[in-house]
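Okay, so here's the structure we're looking at.
The values are calculated or read from the model by the stated rules, or taken from the named source; none is laboratory data. A quick note: this is a predicted structure, and the numbers were derived from the prediction, not measured. Here Cβ is always computed from backbone atoms with ideal geometry, including for glycine, and neighbour counts include all displayed protein chains. For accessibility, only protein heavy atoms count, side chains too; no ligands or nucleic acids. Shrake-Rupley method; radii C 1.70, N 1.55, O 1.52, S 1.80 Å.
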Amino acid sequence: MSASSSQALEYLELLPRQTHTKLYEQPSTVLAIFRCMLPHLAKTIVMAMLYMPTPFAASDLDAWFRPDGKREREKALAVLEQLHIVVPQQDAHRRTSYELYPGFARSLRQALEGSGTHRSFGVPSSTPDPKRVTVAFLDEYARNQWENILFYMVGSTVGLANAGALAQDVNEGTKALLRAGDFVKLAHGRVSITRAGFTFVLQETNAQVWSLLIVYLKHAPQLSMSETDVLSFLFMLGSLELGQDYTTSTLSATQLQMLEDLSAFGIVYRSSKDALTFYPTRLAVTLTSDSGALSSSEPLAKSLVSSNRDGSAQGFIIVETNYRLYAYTSSLLQIAVLSLFTKLTTRFPNLVSGKLTKESITRAVKLGISSAQILSYLTSHAHPQMQKTQPFLPPTVMDQIRLWEYEGERVETTNGFLMKEFSSESEYRDVLSYAESLGVLVWKSDAKRLFFVDRVEQISLYLQKKKNRSG
Amino acid sequence: MVKATRGTLVKCDASIKAMLLDIDSKHRNDFIIEELDEEHVLVKETKIAELKQRLQSMMKERLKEPESSESES
């Protein structure tokens with residue numbers, strides 16, 4: 001599971017059962033969720049249970065795992081239960097057994113076997129398009145649209161002279177969406193980037209696309225679009241083929257409306273607003289693939305990386321121990337990002353140079369950019385020459401950046417829930433170890449029998465079950 | 001019965017915690033839900049931004065640091 005799909009998973013987990021049920025009617029959705037949302041262990045469990053005729057006893061499932069694998073098992077099952085893929089049942093003897101959600105199982109079997117008459121994997125256009133476009137054109141189009149969005153976010157913050165002109169290419173809907181997602185905020189008529197926005201810009205392209213789409217999904221009901229329709233369309237897009245044109249005649253009204261927005265993001269391409277076909281771009285077809293990690297997606301990784309990093313995929317930033325910074329780039333986007341936290345002084349045709357100063361870092365911190373984000377940006381774009389040393393950046397510079405941040409921010413905050421008033425030590429231990437195995441535990445105090453978690457849904461389910469068992 | 005209280009966990013060092021408590025007591029105990037230990041307090045989620053801001057201004061008042069000027073070298 002890549003970082004990009006994990007945020008999509010987080011979003012999916014919070015959806016109600018009815019939405020899941022409706023989603024699982026589409027084989028393409030089910031396949032996409034299975035392919036890239038589930039942890040590997042959860043995939044194994046689903047696969048094992050897919051063709052089981054009867055419910056699977058929990059004790060039998062436990063027998064598959066070594067005692068030291070308890071943590072992983074709990075995690076995988078928690079995800080599956082949260083997504084309503086696996087349904088736990090209790091029989092008359094209070095023995096728990098698991099069953100795959102029937103709708104999910106049916107759709108996954110259809111997707112694997114290619115059976116059924118669903119059209120959820122998109123219908124290629126039957127009439128040849130006279131104005132057929134090439135893959136290279138689609139890549140170019142996707143890159144332009146996407147880079148414009150990024151540049152709109154970063155460029156106006158740092159006040160580049162021509163940012164306004166470029167930002168005009170970003171349509172109003174997209175701008176509103178970026179504001180709604182809290183990626184940028186308007187202050188005194190100027191757009192400035194937020195912490196969330198900076199995190200967004202620093203992500204790899206695939207993760208960026210998902211972040212933006214999740215904001216889009218959250219606002220779909222306001223645009224009177226059905227969330228399920230939107231989601232299943234996105235999952236369908238992920239299963240389409242690059243360079244193929246698909247007909248719009250099988251799409252619902254919601255999905256037609258979406259096409260327009262998606263072409264503004266560069267996720268699909270349409271030759272005109274009322275064209276009968278659409279082309280998915282590379283941004284679309286990689287939505288649900290574990291891209292980057294796969295060797296078969298080599299051209300993809302390259303083209304997307306080079307698109308955003310302006311051909312400098314191997315890194316272009318040199319930082320010296322005296323805080324001087326040299327960046328071999330001519331991309332305005334790169335320069336704009338750098339100038340968020342660097343005092344840039346000189347620009348040459350292929351090089352900008354400047355210095356990391358206390359002022360420039362604290363200014364970035366005030367914008368909501370954390371030192372960890374700055375360091376990860378510098379590290380991931382370090383020049384090959386820098387990559388010969390370990391760590392890539394001079395340690396003094398790294399420490400100093402952290403210290404500068406720490407001067408401004410003296411507290412660390414986490415939103416979540418404090419669990420308290422456990423009736424016994426054993427109950428406390430039990431729930432605590434469950435929270436630990438889910439990876440939601442933030443802080444605990446054994447003496448006071450208190451602990452703090454950043455998510456509570458699974459825990460309250462667990463407590464509920466415990467209560468039912470004992471009561 | 002186990003209870004879950006919604007809030008924001010604030011981790012800070014002891015000196016900062018003292019300041020937070022000070023701010024809280026000056027504002028009708030409107031921020032802090034519970035003190036957890038030396039370095040942790042639970043704060044109302046809606047109030048965290050305001051609390052941070054008050055802390056910033058209090059620190060500016062109390063700790064007058066000489067602004068280190070930037071030396072070009």
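Hey, what do the phi angles of region A:462-470 turn into as Karplus ³J(HN,Hα) couplings, whole Hz, using 6.51/-1.76/1.60 and θ = phi - 60°, x for Gly and Pro?
With the stated coefficients, region A:462-470 comes to 4, 5, 4, 4, 4, 5, 4, 5, 7 Hz.
Set the Förster radius R0 to 35 Å, insert the Cβ-Cβ distance between A:Ser224 and A:Thr44 as r into 1/(1 + (r/R0)^6), and round the FRET efficiency to 0.05.
Working: r = 40 Å, r/R0 = 1.16.
With R0 = 35 Å, the Cβ-Cβ based efficiency is 0.30.
Report the label-to-label distance for B:Glu39 and A:Arg190 in nanometres (one decimal), using points 7 Å from each Cα along the Cα→Cβ vector.
Between B:Glu39 and A:Arg190, the label points sit 3.9 nm apart.
For the protein assembly as shown, give the magnitude of the charge dipole about the Cα centre (Cβ charges: +1 Lys/Arg, -1 Asp/Glu; no others), in debye to the nearest 20. Could the numbers behind the result be given before it?
Details: 61 positive and 61 negative charges, 73 e Å.
Result for the protein assembly as shown is approximately 340 debye, rounded to the nearest 20.
Counting only protein heavy atoms and a 1.4 Å probe, tell me what percentage of region A:417-470's accessible area is made up of carbon and sulfur.
Details: 1320 of 2690 Å².
Its accessible area is 49 percent carbon and sulfur atoms.
What residues does region A:387-428 have that are buried by at least 50 Å² of accessible area in the full protein assembly compared to the chain on its own, 1.4 angstrom probe?
The answer is A:Arg410, A:Val411, A:Glu412, A:Thr413, A:Asn415, A:Phe417, A:Leu418, A:Lys420, A:Glu421.
Distance in nm between label sites at A:Glu407 and A:Glu140, each 7 Å beyond Cα in the beta-carbon direction?
Taking the simple label geometry, A:Glu407 and A:Glu140 are separated by 4.9 nm.
Stretch A:Ser460-A:Glu421 to full length: gain in nm at 0.36 nm per residue minus the Cα-Cα span? Could you put the intermediate results ahead of the total?
Values: separation 39, 0.36 × 39 = 14.04 nm, distance 1.41 nm.
My answer for the length gained is 12.6 nm.
Check each of the GluC sites (Glu not before Pro) in region A:195-273 and keep only those in coil by DSSP with at most 14 other C-beta atoms within 10 angstrom; list them in order. Each step should come with its number before you reach the end.
Numbers: sites: A:Glu204, A:Glu227, A:Glu241, A:Glu260; in loops: A:Glu204, A:Glu241.
Counting only loop positions with at most 14 other Cβ atoms within 10 Å, the GluC sites (Glu not before Pro) in region A:195-273 are A:Glu241.
Using the Karplus curve 6.51 cos²θ - 1.76 cosθ + 1.60 with θ = phi - 60°, what ³J(HN,Hα) values do you get for each residue of region A:198-215, in whole Hz, with x for Gly and Pro?
Per residue, the Karplus-derived 3J(HN,Hα) values read 5, 4, 4, 5, 7, 5, 6, 3, 4, 5, 4, 4, 4, 4, 5, 5, 5, 4 Hz.
Given just the C-alpha atoms of region A:3-113, how large is their convex hull per residue in cubic angstrom? Could you put the intermediate results ahead of the total?
Values: hull volume 12.0 nm³, N = 111.
Looking at region A:3-113, the number lands at 109 Å³ per residue.
Over region B:8-58, one equal point on each Cα, no solvent: what is log10 I(q)/I(0) by the Debye formula at q = 0.20, 0.27, 0.32 Å⁻¹?
-0.57, -1.12, -1.57
Before we go on, tell me the buried accessible area for the A/B pair, both chains summed, 1.4 Å probe, in Å² to the nearest 100.
Approximately 2800 Å² gets buried when A meets B.
Per residue Cα convex hull volume for chain A, in cubic angstrom? Spell out each step's value before the answer.
Details: hull volume 89.3 nm³, N = 471.
So the per-residue hull volume is 190 Å³.
Between A:Glu260 and A:Val123, what is 0.36 nm times their sequence separation minus the Cα-Cα distance? Round to one decimal in nm. Before the final figure, lay out each step's value.
On the way: separation 137, 0.36 × 137 = 49.32 nm, distance 1.84 nm.
The span from A:Glu260 to A:Val123 would gain 47.5 nm if fully extended.
If the reach is capped at under 18 angstrom between alpha carbons, list the aspartates and glutamates near B:Lys17, excluding any in the same chain fewer than eight residues apart.
Straight-distance partners of B:Lys17: A:Glu407, A:Glu409, A:Glu412, B:Asp30, B:Glu34, B:Glu35, B:Asp37, B:Glu38, B:Glu39, B:Glu45, B:Glu50, B:Glu61.
State in Å² the accessible area per residue of the protein assembly as shown; use a 1.4 Å probe, count heavy atoms of protein chains only, and round to the nearest integer. Can you show the working numbers first?
On the way: 26410 Å² over 544 residues.
That works out to 49 Å² for each residue.
Roughly what would the spin-label model give for A:Arg132 and A:Leu351, points 7 Å off Cα along C-beta, in nm?
4.7 nm
Hey, which lysines would be in cross-link range of B:Lys11, C-alpha to C-alpha under 19 Å, not counting anything within fewer than 8 residues on its own chain?
A:Lys420, A:Lys444, A:Lys448, B:Lys44, B:Lys47, B:Lys52
If the reach is capped at under 26 angstrom between alpha carbons, list the lysines near A:Lys273, excluding any in the same chain fewer than eight residues apart.
Straight-distance partners of A:Lys273: A:Lys131, A:Lys175, A:Lys218.
Within region B:29-46, find all residues whose amide N lies under 16 Å from a label point positioned 7 Å from the Cα of B:Arg6 along Cα-to-beta-carbon.
B:33, B:43-46
What number of lysine-lysine pairs in region A:310-408 show an alpha-carbon separation below 17 angstrom, given a sequence spacing of 8 or more or placement on distinct chains? Provide the component values of the computation, followed by the final result.
Working: A:Lys343/A:Lys355; A:Lys343/A:Lys358; A:Lys343/A:Lys366; A:Lys358/A:Lys366.
Value for region A:310-408: 4.
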